[in-house]
Amino acid sequence: MTQYKIIFTGPVGAGKTTAIKSISDVPPVKTDALASDMAKNKKPSTTVAMDYGLMNLDDGEKIHLYGTPGQERFDFMWDILTLGGIGLVLLLDNTSADPFKDMKFFLDTFTGFISDTAVAIGVTQMDLSNKPSINEYHKELKKIGYNPPVFAVDAREKNDVSLLVQSLLFSIEPGLKDE
Ligand SMILES: Nc1nc2c(ncn2[C@@H]2O[C@H](COP(=O)(O)OP(=O)(O)OP(=O)(O)O)[C@@H](O)[C@H]2O)c(=O)[nH]1
Ligand SMILES: [Mg+2]
């Protein structure tokens, strides 16, 4: 049985923990802790180590899903979590003060991993802020030499997250498919 690992990353509140919960076929493992300094981020807790979930593909393959913490103070986990991974899902919060800056920070931080594997980008909270548009993301990515799949994603919606994961898998290995 073939098993793969993909990693979800992105800034605080982008929806990494939520996305893994939405698509996991097993109860996800979370390491969220209450954080008093999180009030500004509109949510009471933040991931301090990792998220874990599992997707079963219809041909018996398994995709292990790992989520990183968004906070830079836990960035020692980022390298650890990418070990053995076949691709990166980068989630971005479109209500952020500067989503392009967030995007460049994470692409830059994970540049070595991405150049060895692949990346797909999901833009969340587009229902709350529709700018920048997906087209503008494509243009910005092109300027910095990237051409990954980019989708509007609501991390709470299984179908949205599943489509994003499939786009990553197809860009890595056209033979891989979802259930
Ligand atoms: N309105 C709206 N809310 C969303 C969307 N996607 C995710 N959310 C919400 O945004 C929040 C995301 O929180 P988390 O999943 O904890 O974010 P995270 O990326 O794991 O954050 P850290 O672990 O702190 O780095 C949750 O409250 C989700 O319900 C979206 O597309 N629209
Ligand atoms: Mg989280």
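With 0.36 nm allotted per residue and the present C-alpha distance subtracted, the Thr95-Asn130 stretch has 11.8 nm of extension available. Considering only trypsin sites (Lys or Arg not before Pro) in DSSP loops that have at most 13 other Cβ atoms within 10 Å, the longest stretch of the chain without any of them is 43-155. Working value for region 137-177: equivalent-ellipsoid semi-axes of 20, 16, 4 Å, each the square root of 5 times a Cα gyration tensor eigenvalue, largest first.
Put simply, region 27-179 fits an ellipsoid with semi-axes of 23, 21, 16 Å; these come from the alpha carbon gyration tensor as the roots of five times its eigenvalues, largest first.
Carbon and sulfur: what percent of region 1-99's accessible surface (1.4 Å probe)? Heavy-atom surface of region 1-99 belonging to carbon and sulfur, 1.4 Å probe: 57 percent. Each of Leu168, Leu163 has its accessible area taken with a 1.4 Å probe; listed largest first, they run Leu163, Leu168.
Taking amide H as placed 1.01 Å from N in the peptide plane, the amide H of Tyr4 sits under 5 Å from that of Lys62, Ile63, His64, each at least 5 places away or on another chain. For the residues Ile6, Ile172, Ile86, a 1.4 Å probe over the protein chains yields an accessible-area ranking, largest first, of Ile172, Ile86, Ile6. How would region 101-173 be classified by its alpha-carbon gyration tensor: rounded, prolate or oblate, with rounded meaning a/c under 1.5 and the a/b versus b/c comparison settling the rest? Oblate, because a/c is 1.5 or more while a/b does not exceed b/c.
Computed from label points 7 Å out along Cα-Cβ, the spacing between Asp75 and Lys62 is 3.3 nm. Once the Cα-Cα distance is subtracted from the 0.36 nm per residue extended length, the Asp32 to Leu83 segment shows a gain of 16.2 nm. Across the protein chains, with a 1.4 Å probe defining accessible surface, the residues Leu81, Leu34 rank Leu34, Leu81 from largest area downward. Based on protein heavy atoms only, the chain ends up with 48 Å² per residue of surface accessible to a 1.4 Å probe. Within region 8-124, how many Lys pairs that are eight or more residues apart, or on different chains, come under 22 Å at the alpha-carbon? Lysine pairs meeting the criterion: 18. Scanning the chain for long hydrophobic helices, with DSSP H runs required to stretch 20 angstrom or more by C-alpha along their axis and to average at least 0.5 on the Kyte-Doolittle scale, returns 158-172. Rounded to the nearest 20 debye, the dipole size of the chain about its Cα centre is 420 debye, using +1 on the Cβ of Lys and Arg and -1 on the Cβ of Asp and Glu. Among beta bridges from DSSP that stay inside region 1-107, the antiparallel ones total about 50%. Sequence-distant contacts, meaning Cα pairs under 8 Å at least 6 residues apart, place the relative contact order of the chain at 24 percent.
Accessible area per residue was computed with a 1.4 Å probe on protein heavy atoms; Tyr66 scores about 50 Å².
The values are calculated or read from the model by the stated rules, or taken from the named source; none is laboratory data. Just so we're clear, the structure is a prediction, and the values are computed from it rather than from any experiment. Here the Cβ is made from the backbone with ideal geometry for all residues, glycine too, and neighbour counts use every protein chain on show. With ligands, DNA and RNA removed, areas are computed over all heavy atoms of the protein, side chains included. Shrake-Rupley method; radii C 1.70, N 1.55, O 1.52, S 1.80 Å.
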